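The values are calculated or read from the model by the stated rules, or taken from the named source; none is laboratory data. Model, not experiment: these values are computed from the prediction. With ideal geometry, Cβ positions are generated from the backbone for all residues, glycine too; neighbour counts draw on all protein chains shown. Side chains included, ligands, DNA and RNA excluded: accessible areas come from the protein's heavy atoms. Shrake-Rupley method; radii C 1.70, N 1.55, O 1.52, S 1.80 Å.
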Amino acid sequence: MYDLIILGAGPAGLTAAIYAARAGMRFVVLERDGHGGGQISSAHVVQNYPACPGTTGYELGEQFRRHAMDLGAQIRLGNVVAVSHHDGIQTVTLDDGTNLESKTVIAATGTAPRKLGVAGEDRLRGVSYCALCDGAFYAGKSVAVVGGGDTGVEDGLYLAGICEQVTVILRRDVFRGARTRVELLRQQENVQIFYNTRVQEILGDTYVQELSLEGDHTGRLPVSAVFVAVGAAPETAYLHPLNLSLQDGYVPVDENCHTEIPGLFVAGDLRRKGLHQLVTAVSDGANAATGAARYVREMEQM
């Protein structure tokens, strides 16, 4: 039996692994792709993490992973389908039927991109939720980015460097991303911004060819790809057997990231909090692992 099972190898999970290793815990990190790094790995550039200005998300994700593994963390391939709790023991069930038991669990599986929910989105090739992953396939072509938050702004900047034309589509009349990055986006000669506009449908045969728009720019927009950046939803389906009390889909915890379930901790973007950022994910990972170590010590003293 493990002292701790960490679900997810993003910044929160890997930070938890670092603190768990330093605490001498018997633990394993489970990650669906067996590698780790989390969503930050797909960021074109990271400007707001202390002491690392201008680094790429991939580089930073690799540094997190290497640090944890250098301390002895084992990152294991595993897709978690359920977590249950009985008689003080956490049972983690994988999609291959394997059950792993532990005294504590830290859930740090993050979020999944939200979809637009329009016709053509699931049918056509050329709909992407990761500009850094897929942008190179559309170098020299016209593309669209939907979303005005930090991700949408960064996607627009990255694509402006490789695509002929980038159209950024916002449903409101204002960006939500960092002001300095928004100003830089506006300065790009091959970027046009459509405010107060919604995508009604994505059109094409096999590949994306046009967007049907409604609002200030009603009509058809010819593009070869559309990059969707309209937020994310917490991945909590595997926690449903625990009947956790969720708030807007997120898990409420105390200051130590401990949930209402004894021995279950939540860190990173799953957690209900005011700011979902890399720096708060790292803080959560440290707090959750420290709390888990304290919980295990108290169990052993009983």
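Side notes on the structure shown:
- Computed from label points 7 Å out along Cα-Cβ, the spacing between Arg32 and Gln63 is 2.7 nm.
- Helix runs (DSSP H) in the chain reaching 30 Å along axis by Cα, Kyte-Doolittle at least -0.5: 278-301
- In the chain, Cα pairs under 8 Å separated by at least six residues give a relative contact order of 21 percent.
- Label-to-label distance for Arg220 and Asp122 is 2.6 nm, based on points extended 7 Å past Cα in the beta-carbon direction.
- Within the range 25-54, backbone nitrogen closer than 17 Å to the virtual label 7 Å beyond the Cα of Thr180 toward Cβ: 44-54
- Cut-off under 5 Å, modelled amide H: who pairs with Thr197 long-range: Leu170, Arg171, Arg172, Asp216
- Note that the range 175-302 presents 52 Å² accessible area per residue, ligands and nucleic acids not counted, probe 1.4 Å.
- When both the range 248-267 and the range 138-191 are represented by their alpha-carbon centers, they are found 35 Å apart.
- Residues of the range 75-108 with amide N under 16 Å of a point placed 7 Å along Cα→Cβ from Glu300: 102-105
- Apportionment of accessible area to carbon and sulfur, the range 41-118, percent (1.4 Å): 49
- Efficiency of FRET from Cβ geometry, Ala233 and Thr98, R₀ 30 Å, rounded to 0.05: 0.70
- Rolling a 1.4 Å probe over the protein heavy atoms leaves Val127 with an accessible area of roughly 30 Å².
- Beta bridges by DSSP in the chain, antiparallel share as percent, to the nearest 5: 45
- Within the chain: Cβ-based charge dipole about Cα centre, in debye rounded to nearest 20 (Lys, Arg +1; Asp, Glu -1): 340
- Accessible surface of the range 193-279 [probe 1.4 Å, protein heavy atoms]: carbon and sulfur percent: 44
- Surrounding net charge for Gly126, when Lys and Arg each add one and Asp and Glu each subtract one, Cβ distance under 10 Å: +1
- Candidate cross-link partners of Lys103 among the lysines, defined by an alpha-carbon separation under 28 Å and a same-chain spacing of 8 or more, comprise Lys273.
- The candidate values are (1) 1.08; (2) 0.95; (3) 1.04; the one derived from this structure for Cα Rg over 2.2 N^0.38 Å carries the label (1).
- Largest to smallest in accessible area, the residues Thr55, Thr151 fall in the order Thr151, Thr55 (1.4 Å probe, all protein chains included).
- Rounded to the nearest 5, the antiparallel percentage of DSSP beta bridges internal to the range 156-231 is 70%.
- Candidates per chymotrypsin sites (Phe, Trp or Tyr not before Pro) in the range 21-107, loop by DSSP, up to 15 other Cβ within 10 Å: none
- Förster radius 25 Å - calculated FRET efficiency between Gln247 and Leu275 (Cβ-Cβ, nearest 0.05): 0.95
- The listed residues Lys273, Lys141 rank as Lys141, Lys273 when sorted by accessible area, largest first, using a 1.4 Å probe.
- At R0 = 30 Å, FRET efficiency that the Cβ-Cβ distance of Tyr195 and Cys52 yields, to 0.05: 0.35
- With protein chains left intact and a 1.4 Å probe, residues in the range 1-109 average 45 Å² of accessible area per residue.
- With contacts taken as Cα pairs under 8 Å at a separation of at least 6 residues, the range 1-63 carries a relative contact order of 31 percent.
- Net charge, Asp254 excluded, C-beta distance under 14 Å - Lys, Arg +1, Asp, Glu -1: +1
- Distant-in-sequence amide H partners of Ile106 (H built 1.01 Å from N, under 5 Å): Ile5, Ile6, Leu7, Phe265
- Listed as lacking a disulfide-compatible partner in the chain: Cys52, Cys163, Cys257, by the criterion of no other cysteine Cβ under 4.7 Å.
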